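K.L.:
Once you've had a glance at the structure underneath, I'll fire off some questions.
The values are calculated or read from the model by the stated rules, or taken from the named source; none is laboratory data. Given the structure is predicted, the values throughout are model-derived calculations rather than measurements. FYI the Cβ positions are ideal-geometry reconstructions off the backbone, even for glycines, and counts take in every protein chain you see.
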Amino acid sequence: MKKVKAGDLDKMGLLYERHKKRLFGFFYNMNSNASLSEDLVQNVFIRMIKYKHTFTGEGSFLAWMFTTARNVNHDHFNKRKKAYNERELSAVEYKLQAHSDTEKVIENHEDRQLLRLALNRLDAEKKEVLVLSKLKEIKFSEIGEIMGCSEGAAKVKAHRALKELRSIFLQLQTR
């Protein structure tokens with residue numbers, strides 16, 4: 001990114017190839033729409049070029065990139081005032097794998113649906129911290145940079161989000 005900042009815009013293509021899948025996963029986990037996610041990834045790289053002067057090189061590039069991605073995501077949904085779509089959580093489904101037993105298959109499918117529903121009931125910040133920490137496996141120090149808080153605060157936010165997700169999930173199960 002330092003080379004891009006210095007004017008070598010060809011290096012942005014290398015950054016794009018390295019990080020497009022990770023960004024796509026972030027957006028897809030936030031909105032469950034592949035086409036929209038692809039557009040938002042493109043918007044991140046456009047914005048990174050536009051605001052290349054803000055990259056100082058002091059912090060993590062990944063944190064700077066995901067901060068940009070987070071802003072692109074917020075801007076998109078704030079402009080259109082749309083609610084987040086229900087999303088597929090294929091990355092979480094490994095915990096709820098289907099078994100050969102038909103009853104287990106049905107039960108696991110219901111659990112996945114309840115988990116999706118529970119996650120969608122979280123506010124955007126809690127959903128975001130869970131996507132970044134659990135699905136994208138980003139370090140809490142970088143999540144702190146992305147969200148504008150300390151590493152400890154990011155851990156607390158993730159813990160509270162998981163606790164609320166668990167509570168909502170258990171409430172939905174008892175219905």
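K.L.:
I'd like to check which helices (runs of 4 or more DSSP H) are fully inside the stretch 1-62 and have at least 2 residues that are out of contact with any Pro (no Cβ under 7 Å at 6 or more places or on another chain) and at pLDDT 90 or above.
P.N.:
11-31, 34-50
K.L.:
Return the pair list, or none, for Cβ contacts closer than 6 Å from residues in the stretch 37-66 that are assigned by TED's automatic domain parsing to the domain that holds Gly7 and among the aromatic types (Phe, Trp, Tyr) to residues that are assigned to a helix (DSSP H, G or I) and surrounded by 14 or more Cβ atoms within 10 Å (Cβ to Cβ), at least 6 apart or on different chains.
P.N.:
Phe45/Tyr16; Phe55/Lys5; Phe55/Trp64; Phe66/Ile146
K.L.:
If I go through the stretch 64-84 residue by residue, how many of them are modelled with pLDDT under 90, in a helix (DSSP H, G or I) and of a type in the set (A, V, I, L, M, F, W, C)?
P.N.:
1
Listed here are the residues, each with its yes/no results for (1) surrounded by fewer than 18 Cβ atoms within 10 Å (Cβ to Cβ); (2) at pLDDT below 90.
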residue: Ile138; (1), (2): no, yes
residue: Glu142; (1), (2): no, no
residue: Glu151; (1), (2): yes, no
residue: Ala154; (1), (2): no, no
residue: Lys163; (1), (2): yes, no
residue: Ser167; (1), (2): yes, no
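K.L.:
Find all pairs meeting these conditions: Cβ atoms under 9 angstrom apart; at least six residues apart or on different chains; first residue within the stretch 115-136 and surrounded by fewer than 21 Cβ atoms within 10 Å (Cβ to Cβ); second residue part of a helix (DSSP H, G or I) and β-branched (Val, Ile, Thr).
P.N.:
Hits for this filter: Leu117/Ile168; Ala118/Ile168; Arg121/Ile168; Leu122/Ile168.
K.L.:
Cβ-Cβ below 8 Å, separation at least six or inter-chain, first residue in the stretch 148-171 and over 20 Å from Phe66 (Cβ atoms) and assigned by TED's automatic domain parsing to the domain that holds Leu119, second at pLDDT below 95 and not in a helix (DSSP H, G or I): which pairs?
P.N.:
Glu164/Leu122; Leu165/Leu122; Ile168/Leu122
K.L.:
Could you list all residues from the stretch 129-159 that are out of contact with any helix residue (DSSP H, G or I) (no Cβ under 7 Å at 6 or more places or on another chain) and of a type outside the set (A, V, I, L, M, F, W, C)?
P.N.:
Those that are out of contact with any helix residue (DSSP H, G or I) (no Cβ under 7 Å at 6 or more places or on another chain) and of a type outside the set (A, V, I, L, M, F, W, C): Lys134, Glu137, Lys139, Gly148, Gly152, His159.
K.L.:
While we're here: Being touching a helix residue (DSSP H, G or I) at 6+ places or on another chain (Cβ under 7 Å), under 30 Å from Arg116 (Cα atoms) and charged (D, E, K, R) is the filter here; which residues of the stretch 1-54 pass it?
P.N.:
Lys20, Glu38
K.L.:
If you don't mind, there's one more thing I want to ask. Do we find that Thr102 is hydroxyl-bearing (Ser, Thr, Tyr) and at pLDDT 85 or above in this structure?
P.N.:
no
Each row is one residue, and each column tells you yes or no for (1) over 20 Å from Lys139 (Cβ atoms); (2) loosely packed, with under 15 Cβ neighbours inside 10 Å.
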residue: Leu15; (1), (2): no, no
residue: Arg22; (1), (2): no, no
residue: Asn31; (1), (2): yes, no
residue: Ser35; (1), (2): yes, yes
residue: Leu40; (1), (2): yes, no
residue: Thr54; (1), (2): yes, yes
residue: Thr68; (1), (2): no, no
